[in-house]
1. Would you mention how many residues in the range 114-128 are surrounded by fewer than 21 Cβ atoms within 10 Å (Cβ to Cβ) and within 15 Å of ALA93 (Cα to Cα)?
2. Would you check if there is a residue in the range 30-42 being within 21 Å of ILE124 (Cβ to Cβ), touching a Phe, Trp or Tyr at 6+ places or on another chain (Cβ under 7 Å) and not assigned by TED's automatic domain parsing to the domain that holds GLU123?
3. Tell me whether the range 85-104 contains one or more residues that are in a loop (DSSP other than H, G, I, E, B), out of contact with any helix residue (DSSP H, G or I) (no Cβ under 7 Å at 6 or more places or on another chain) and either within 28 Å of LYS15 (Cα to Cα) or not assigned by TED's automatic domain parsing to the domain that holds VAL23 (or both).
4. For the subset of the range 19-49 comprising residues that are aromatic (Phe, Trp, Tyr) and in a strand (DSSP E or B), which member is modelled with the lowest pLDDT?
5. If a residue must be closer than 23 Å to LEU48 by Cβ and either in contact with a Leu (Cβ under 7 Å, 6 or more places away or on another chain) or polar (S, T, N, Q) (or both), how many such residues does the range 100-118 contain?
6. Among (1) touching a strand residue (DSSP E or B) at 6+ places or on another chain (Cβ under 8 Å); (2) part of a strand (DSSP E or B), where does ASN79 come up short?
7. Within the range 50-76, can you find the residues that are touching an Asp or Glu at 6+ places or on another chain (Cβ under 9 Å) and assigned to a strand (DSSP E or B)?
8. Outside the structural domain of SER125 (by TED's automatic domain parsing), closer than 14 Å to LEU121 by Cα and in contact with a helix residue (DSSP H, G or I) (Cβ under 8 Å, 6 or more places away or on another chain): is that true of VAL10 in this structure?
Amino acid sequence: MRLDGIQLMVENMPKMVRFYRDVLGFEITEGEDTGFVYLVKDHTLFMLYKRESFEFLTCHEYNYCCGINGHFEISLSVNSFKEVDKAYEEVVAKGANAVYPPTTEFWGQRTCVITDLENNLIEISAWENNPYQTSFDKDEF
């Protein structure tokens with residue numbers, strides 16, 4: 001098996017399409033009033049699926065998180081520490097919810113966390129050096 005993409009179940013498709021398109025800059029060609037939207041960003045398939053449409057399709061009812069969804073995080077990267085700060089300010093000014101301000105972590109990554117309009121976590125980060133050559137012990141967590 002191989003990972004083919006990420007699918008996010010959304011309650012309000014028009015609102016979420018506008019957020020991912022207008023705030024985060026995802027290229028979305030479908031309309032806002034649809035049950036399913038997909039896009040490819042940086043060779044990763046990312047999909048928005050209207051909850052009620054998915055439940056109808058699968059003949060199953062699902063439970064959804066209330067408040068900030070800590071079950072997963074969407075991770076976006078930029079090229080520099082300065083770009084993390086700039087992106088954070090821009091997306092918060094456009095309507096993203098601020099969770100964790102830009103911070104340089106001891107392992108060499110500058111990171112911040114926002115949420116989309118349905119409280120899904122989104123990280124924006126950059127690495128000082130190669131992200132696969134970190135200098136921390138994973139047992140510290």
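1. Residues in the range 114-128 being surrounded by fewer than 21 Cβ atoms within 10 Å (Cβ to Cβ) and within 15 Å of ALA93 (Cα to Cα): 2 in total.
2. Step one: filter the range 30-42 for residues within 21 Å of ILE124 (Cβ to Cβ), giving 39-42.
Subsequent filtering for residues that are touching a Phe, Trp or Tyr at 6+ places or on another chain (Cβ under 7 Å) retains 39, 41.
The next check asks that each one be not assigned by TED's automatic domain parsing to the domain that holds GLU123; those that pass are 39, 41.
Yes - at least one qualifying residue is present in the range 30-42.
3. Keep residues of the range 85-104 that are in a loop (DSSP other than H, G, I, E, B), which gives 94-96.
In the following step, the residues that additionally are out of contact with any helix residue (DSSP H, G or I) (no Cβ under 7 Å at 6 or more places or on another chain) were identified as none.
There is no residue in the range 85-104 that is in a loop (DSSP other than H, G, I, E, B), out of contact with any helix residue (DSSP H, G or I) (no Cβ under 7 Å at 6 or more places or on another chain) and either within 28 Å of LYS15 (Cα to Cα) or not assigned by TED's automatic domain parsing to the domain that holds VAL23 (or both).
4. Step one: of the range 19-49, the residues aromatic (Phe, Trp, Tyr) are 19-20, 26, 36, 38, 46, 49.
Checking the rest, the ones that are also in a strand (DSSP E or B) come to 36, 38, 46, 49.
Values: PHE36: 90, TYR38: 86, PHE46: 89, TYR49: 93.
Looking at the filtered set, the residue picked out is TYR38.
5. Taking the range 100-118 and keeping what is closer than 23 Å to LEU48 by Cβ, we get 112-118.
Now narrow it down to the ones that are either in contact with a Leu (Cβ under 7 Å, 6 or more places away or on another chain) or polar (S, T, N, Q) (or both): 113, 115.
Of the residues in the range 100-118, 2 are closer than 23 Å to LEU48 by Cβ and either in contact with a Leu (Cβ under 7 Å, 6 or more places away or on another chain) or polar (S, T, N, Q) (or both).
6. Result: ASN79 passes all but (2).
7. LYS50, ASN69, GLU73, ILE74, SER75, LEU76
8. On the way: outside the structural domain of SER125 (by TED's automatic domain parsing): yes; closer than 14 Å to LEU121 by Cα: yes; in contact with a helix residue (DSSP H, G or I) (Cβ under 8 Å, 6 or more places away or on another chain): yes.
Considered against the rule, which asks whether it is outside the structural domain of SER125 (by TED's automatic domain parsing), closer than 14 Å to LEU121 by Cα and in contact with a helix residue (DSSP H, G or I) (Cβ under 8 Å, 6 or more places away or on another chain), VAL10 comes out as yes.
The values are calculated or read from the model by the stated rules, or taken from the named source; none is laboratory data. What you see is a predicted model; the values in this text were computed from it and never measured. Positions of Cβ are backbone-derived with ideal geometry, glycine not excepted, and every protein chain shown enters the neighbour counts.
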